[in-house]
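Data block below; observations after.
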Amino acid sequence: MPTCKPAYMAKLNSISIEGFRSIRDEVTIRFPNNKPVVLIGENNCGKSNVIRALDILFGEYHPKYKDVEHFDHHGRDSKTPIVISGSVSNFSGVLGRPPQRINAFKFKCIKGSEIEYVALLEDGTPHGYISNDVRGELTSIIVNSEHNLSYQLSYTSKHTLLSKVMKVLHKSLISDEQRVAALKKLYVEIQNTFDEVPEFKQFKGSMSTISGEILANMSYMLQMDFSAYDPSNYFKSLRVNPIEGTDARSFEELGTGQQQLLALAFAHAYCKSFINGDIVLILDEPESHLHPLAQKWLSKMIIKMAADGLQIVITTHSANFIDLFNIDSLFLLRKNGQATTVINHSAESLYKHCIATGANADKTKVETVVPFYANHSTTHILNGFFAKKVVLVEGLTEELALPIYLERRGLDVTREGIEIIGVHGKGNLAKWWRLFTLYGIPTFVCFDNDEKHDKQGIQRTDSLKAIGITDDELAAIIGTKDWAISDGYCVFGVDFETTMKKSFDDYNAVEVSQKELLGTASKHIVAREVARYLKMDEEKGWTNIDIIKTKLLSLEPFKPAVTAAASATTAPIKSTATSDMLEQLKAKFGI
């Protein structure tokens with residue numbers, strides 16, 4: 001019996017894109033083995049252009065005949081060439097003389113010139129004739145609310161999921177002549193049953209007579225007839241129907257979210273049963289139409305599907321689909337001016353950034369840094385990846401109250417794309433600052449000088465040293481009992497509430513009235529409501545809020561020494577200033 005799985009399983013290793021829509025300079029998306037590629041970033045940053053480029057190179061329609069519009073060229077400049085290339089492996093077909101395997105496909109378009117679409121062979125030689133059979137070894141399929149389930153589970157084209165499955169099943173079926181003969185006999189019986197319906201038999205006879213007359217002068221005396229099966233693909237007689245309880249439903253009865261999930265289930269079953277590669281499944285915003293719990297479940301399923309060998313690309317605006325365990329398959333897209341940039345990192349580059357910004361070199365290891373971050377991450381913290389700027393605060397009180405203070409001074413953080421995130425203690429500030437700044441996200445740190453959980457000042461020192469504060473500045477900052485605001489940080493004196501009470505004359509009175517009105521003494525709820533009702537007199541408190549506002553609006557990205565995903569483990573990098581400071585702390589506190 002032949003095996004369903006082919007000897008060769010075509011895979012996409014990477015795709016490079018240049019001059020296409022928002023992508024000016026070449027960007028490359030690499031496909032790690034058995035992990036989903038996750039494209040994140042704010043709206044209009046270029047995520048959709050990446051999947052459009054994938055569809056040009058590996059989609060249903062032959063790239064050679066692609067109708068390229070003027071707006072497909074970056075900056076709408078038709079003189080700018082569009083170049084899309086995909087590195088591949090494990091293609092079974094060979095091309096050229098002498099025959100060679102295919103290493104890549106390349107698409108190039110300059111307005112006014114013929115489209116160039118070639119396969120690059122093992123020695124780099126371009127080969128211009130690429131048949132649909134060769135192209136069919138690796139195809140991309142987009143699943144979103146526009147490319148719905150009824151299309152993918154139909155025979156509309158040979159590129160749909162259902163057509164691909166049935167082609168594999170048909171090949172296996174016809175390999176056994178006795179099985180084919182038995183099936184034909186059964187289909188004859190089905191046809192005879194249809195003929196027992198008088199209306200069908202009459203219509204069939206009329207159709208046969210009329211078509212025979214019309215087509216009488218055609219080659220081979222073509223005629224029309226009805227059949228219960230397609231002899232070119234016996235399995236085309238089968239249809240896929242969703243079932244609810246015991247009743248069959250139409251796809252139109254399903255919600256869009258249900259359709260997307262069923263399409264994914266079908267693709268996963270196809271992958272596990274027949275192939276380990278050969279399709280790139282593109283999920284455009286899979287969170288659409290799914291409630292948060294369903295998103296979390298689907299995220300787990302996508303990771304499982306990828307582990308089973310299905311190549312998956314997703315674009316998303318949901319932190320539920322970010323898994324830091326798969327950091328090397330996470331790509332952050334941002335707009336730099338009018339051009340899309342792509343940021344991708346690895347365990348090695350995260351490790352080097354942590355060490356370079358003062359992390360403990362004895363405790364931080366390249367093999368443990370990713371599990372450390374992944375195990376401590378939450379969807380709430382990971383929302384920072386979708387922000388233009390991030391403000392890290394110690395806890396819920398600052399997270400709820402600070403946006404109110406800023407909005408009352410004219411800065412709507414939501415409108416400006418600023419995410420204020422509580423990280424559950426000052427000991428976590430430097431950790432998440434390092435992650436976000438590694439990806440070039442402008443990040444501001446707020447904390448207080450409460451020594452309750454940081455008597456030796458190590459956590460505050462770590463946070464300040466990470467953002468570049470020198471030894472000379474540290475003592476004054478850590479010792480202050482009042483506001484301390486600079487370009488990358490804000491210190492709220494002893495603690496947030498004490499500092500606010502000192503800075504606003506009416507704070508105590510408003511706090512008492514709000515506790516009575518709300519019927520609760522919950523610290524963070526009361527602090528938020530107090531922020532809403534403080535007087536707007538020109539007091540010290542509002543002056544400092546204005547300074548924070550100015551610092552946030554002018555906040556620039558931290559430029560890490562690590563600018564690209566590292567490919568190899570490197571020796572630990574010592575930060576001299578940080579090392580000196582740690583030695584001082586050891587001497588002072590005996591640690």
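Remarks
- Subset of the range 387-398 (residues that are in contact with a helix residue (DSSP H, G or I) (Cβ under 8 Å, 6 or more places away or on another chain) and either within 15 Å of PHE492 (Cβ to Cβ) or at pLDDT below 95 (or both)): VAL391, LEU392, VAL393, GLU394, GLY395, LEU396, THR397, GLU398
- Per the conditions (1) crowded, with 17+ Cβ neighbours inside 10 Å; (2) closer than 20 Å to ARG334 by Cα, the sole criterion not satisfied by CYS109 is (2).
Let's see how each residue does on (1) touching a helix residue (DSSP H, G or I) at 6+ places or on another chain (Cβ under 9 Å); (2) closer than 30 Å to GLU419 by Cβ:
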site	(1), (2)
GLU42	yes, yes
SER48	no, yes
ALA53	no, yes
TYR65	no, no
PRO98	no, no
ALA104	no, no
SER113	no, no
VAL118	no, no
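- Of the criteria (1) out of contact with any helix residue (DSSP H, G or I) (no Cβ under 9 Å at 6 or more places or on another chain); (2) surrounded by fewer than 22 Cβ atoms within 10 Å (Cβ to Cβ); (3) of a type in the set (A, V, I, L, M, F, W, C), which one VAL366 fails: (1)
- Remark: pairs (first residue in the range 157-185, buried (at least 17 other Cβ atoms within 10 Å of the Cβ); second residue assigned to a loop (DSSP other than H, G, I, E, B) and among the hydrophobic types (A, V, I, L, M, F, W, C); Cβ separation under 6 Å; 6+ apart in sequence or on different chains) = LEU162/LEU153.
- THR28 vs. criteria touching a residue at least 12 places away in the same chain (Cβ under 8 Å) and loosely packed, with under 15 Cβ neighbours inside 10 Å: yes
- Checking ILE458, ILE421, ILE467 one by one, the residue that is hydrophobic (A, V, I, L, M, F, W, C), within 31 Å of the chain's Cα centre (by Cα) and at pLDDT below 85 is ILE467 and no other.
- Of all residues in the range 328-363 being within 14 Å of ALA430 (Cα to Cα) and not hydroxyl-bearing (Ser, Thr, Tyr), the one that is surrounded by the most Cβ atoms within 10 Å (Cβ to Cβ): LEU350
- Residues that are in contact (Cβ under 8 Å) with a residue 40 or more places away in the chain and farther than 14 Å from GLU137 by Cα within the range 89-110 comprise PHE107, CYS109, listed in sequence order.
- Take the conditions (1) touching a residue at least 40 places away in the same chain (Cβ under 8 Å); (2) surrounded by fewer than 16 Cβ atoms within 10 Å (Cβ to Cβ); (3) in contact with a helix residue (DSSP H, G or I) (Cβ under 6 Å, 6 or more places away or on another chain); ARG76 misses just one of them, which is (1).
- Given (1) farther than 30 Å from ASP55 by Cα; (2) modelled with pLDDT of 75 or more; (3) of a type in the set (A, V, I, L, M, F, W, C), index of the condition LEU283 fails: (1)
Residues are listed down the side, and each one gets a yes or a no for (1) farther than 23 Å from PHE331 by Cβ; (2) among the small types (Gly, Ala, Ser); (3) outside any strand (DSSP E or B):
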{"position": "SER48", "(1), (2), (3)": "no, yes, yes"}
{"position": "LEU57", "(1), (2), (3)": "no, no, yes"}
{"position": "LYS64", "(1), (2), (3)": "yes, no, yes"}
{"position": "VAL68", "(1), (2), (3)": "yes, no, yes"}
{"position": "ILE102", "(1), (2), (3)": "yes, no, no"}
{"position": "PHE105", "(1), (2), (3)": "no, no, no"}
{"position": "ASP123", "(1), (2), (3)": "yes, no, yes"}
{"position": "VAL134", "(1), (2), (3)": "yes, no, yes"}
{"position": "SER140", "(1), (2), (3)": "no, yes, no"}
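- Residue ID - modelled with the lowest pLDDT, chosen from residues in the range 297-311 that are loosely packed, with under 15 Cβ neighbours inside 10 Å and more than 23 Å from LYS164 (Cα to Cα): TRP297
- Every residue from the range 522-560 that is loosely packed, with under 14 Cβ neighbours inside 10 Å, of a type in the set (A, V, I, L, M, F, W, C) and over 37 Å from the mean Cα position of the chain (by Cα): MET536
- Hey, VAL491 buried (at least 20 other Cβ atoms within 10 Å of the Cβ), closer than 15 Å to LEU552 by Cβ and at pLDDT below 95 or not: no
The values are calculated or read from the model by the stated rules, or taken from the named source; none is laboratory data. Computed from a prediction, not measured in an experiment: that's the story for all the values here. Don't worry about glycine lacking a Cβ; one is built from the backbone with ideal geometry, like all the others, and counts go over all protein chains shown.
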